[in-house]
1. Take S152 and tell me if it is open to solvent by less than 70 Å² (accessible area, probe 1.4 Å), assigned to a helix (DSSP H, G or I) and more than 20 Å from A226 (Cα to Cα).
2. Is one or more of the residues making up region 179-193 in contact with a helix residue (DSSP H, G or I) (Cβ under 8 Å, 6 or more places away or on another chain), closer than 30 Å to P231 by Cβ and open to solvent by less than 70 Å² (accessible area, probe 1.4 Å)?
3. Being under 27 Å from G104 (Cβ atoms), open to solvent by 50 Å² or more (accessible area, probe 1.4 Å), in contact (Cβ under 8 Å) with a residue 24 or more places away in the chain and among the aliphatic types (A, V, I, L, M), is that true of even one residue in region 195-205?
4. May I ask you to list the residues in region 211-230 that are assigned to a helix (DSSP H, G or I) and either open to solvent by less than 70 Å² (accessible area, probe 1.4 Å) or basic (K, R) (or both)?
5. Within region 134-146, identify whether any single residue is of a type in the set (A, V, I, L, M), open to solvent by less than 50 Å² (accessible area, probe 1.4 Å) and in contact (Cβ under 8 Å) with a residue 12 or more places away in the chain, and answer yes or no.
6. Given the conditions (1) within 17 Å of T229 (Cα to Cα); (2) open to solvent by less than 80 Å² (accessible area, probe 1.4 Å); (3) without any contact (Cβ under 8 Å) to a residue 12 or more places away in the chain, which single one is not true for W159?
7. Does L208 meet the test of being in a helix (DSSP H, G or I), modelled with pLDDT of 95 or more and either touching a Pro at 6+ places or on another chain (Cβ under 9 Å) or open to solvent by 70 Å² or more (accessible area, probe 1.4 Å) (or both)?
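The values are calculated or read from the model by the stated rules, or taken from the named source; none is laboratory data. For clarity, every value in this text was computed on a predicted model and none was experimentally measured. Every residue, glycine among them, receives a Cβ derived from its backbone with ideal geometry; neighbour counts consider all protein chains shown. Side chains are part of the model used for accessible areas, which takes the heavy atoms of the whole protein and leaves out ligands, DNA and RNA. Shrake-Rupley method; radii C 1.70, N 1.55, O 1.52, S 1.80 Å.
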Amino acid sequence: MNSTTPTTPTTPTDPVAEGDGEANTADRTTAGKGGAKTAGNTTEKAATDAAATEGTTTRLDKAGPESGADAEQDIDQERHDELDDDLDLDQDDDESHKESSGLGTAAAAVVSVGLGIVSLSGAWSGRVAAERETLIGQFKTSSGATASQQISEIYGDAWHATALVNGLFGLLALLVGVYVLVRPAFGAPSAHPQPGWIRAVAKGGIALGVLGVLIAVCMYFDLIVALPTAPATAG
């Protein structure tokens, strides 16, 4: 008996055309190139992003100190401007203080002259003091006083009161004039010297004050004009 070997049934395959094989090959080639291009583009893009990030970081690192330096310069400039403003205010205050001091000394010099004139011509306060002493003298001599007592109490005391008041005005004129002359020697030195007319007026006030004091002293002690004396009664 002849034995027969069973055969395995085969599945029929579709016929492949020549054009389809070439197309499949081209697709695989294109897919390989596309993948390579995609990978290349991805790599280039990552490298570009890394370079941009590094450049930005570098710029920030460079700009950071520069920005800090600019901020410090701005702060220093503001402080410098504030100091300049303070110095300007201080200078203005100094100038106003010097101007007020100059006006004060000028006014004091004029006052010195006025006080000297009052000490020579007399003031209403001297007349009031004299009238007061006269009234007190009349009260004292109302109960039978001698002529010498009446002259001393009524006339002499009033005369002396007037001399005392005039002497006080002369002394004030002297002191104010001396103050005006010696004022520049005290306190902060001034860049501008004291005007000459202020010194001249102050010296005039001093001269009038000294003259008024001398006359008042002579009047008080009866050196210029002595008090009148009562005539001696006969027998």
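1. Values: open to solvent by less than 70 Å² (accessible area, probe 1.4 Å): yes; assigned to a helix (DSSP H, G or I): yes; more than 20 Å from A226 (Cα to Cα): no.
Taking the combined requirement at face value, the residue does not satisfy it.
2. For region 179-193, residues in contact with a helix residue (DSSP H, G or I) (Cβ under 8 Å, 6 or more places away or on another chain), closer than 30 Å to P231 by Cβ and open to solvent by less than 70 Å² (accessible area, probe 1.4 Å): absent.
3. Scanning region 195-205 turns up no residue that is under 27 Å from G104 (Cβ atoms), open to solvent by 50 Å² or more (accessible area, probe 1.4 Å), in contact (Cβ under 8 Å) with a residue 24 or more places away in the chain and among the aliphatic types (A, V, I, L, M).
4. First, the residues of region 211-230 that are assigned to a helix (DSSP H, G or I): 211-220.
Once the filter is applied, which keeps residues that are assigned to a helix (DSSP H, G or I) and either open to solvent by less than 70 Å² (accessible area, probe 1.4 Å) or basic (K, R) (or both), region 211-230 yields G212, V213, I215, A216, V217, C218, M219.
5. Restricting attention to region 134-146, the residues satisfying the condition of being of a type in the set (A, V, I, L, M) are 135-136, 145.
Then keep just the ones that are open to solvent by less than 50 Å² (accessible area, probe 1.4 Å); that gives 145.
Cutting the leftovers down to in contact (Cβ under 8 Å) with a residue 12 or more places away in the chain gives us none.
So far as region 134-146 goes, no, none of its residues is of a type in the set (A, V, I, L, M), open to solvent by less than 50 Å² (accessible area, probe 1.4 Å) and in contact (Cβ under 8 Å) with a residue 12 or more places away in the chain.
6. For W159, the exception is condition (3).
7. Details: in a helix (DSSP H, G or I): yes; modelled with pLDDT of 95 or more: yes; either touching a Pro at 6+ places or on another chain (Cβ under 9 Å) or open to solvent by 70 Å² or more (accessible area, probe 1.4 Å) (or both): no.
It is false that L208 is in a helix (DSSP H, G or I), modelled with pLDDT of 95 or more and either touching a Pro at 6+ places or on another chain (Cβ under 9 Å) or open to solvent by 70 Å² or more (accessible area, probe 1.4 Å) (or both).
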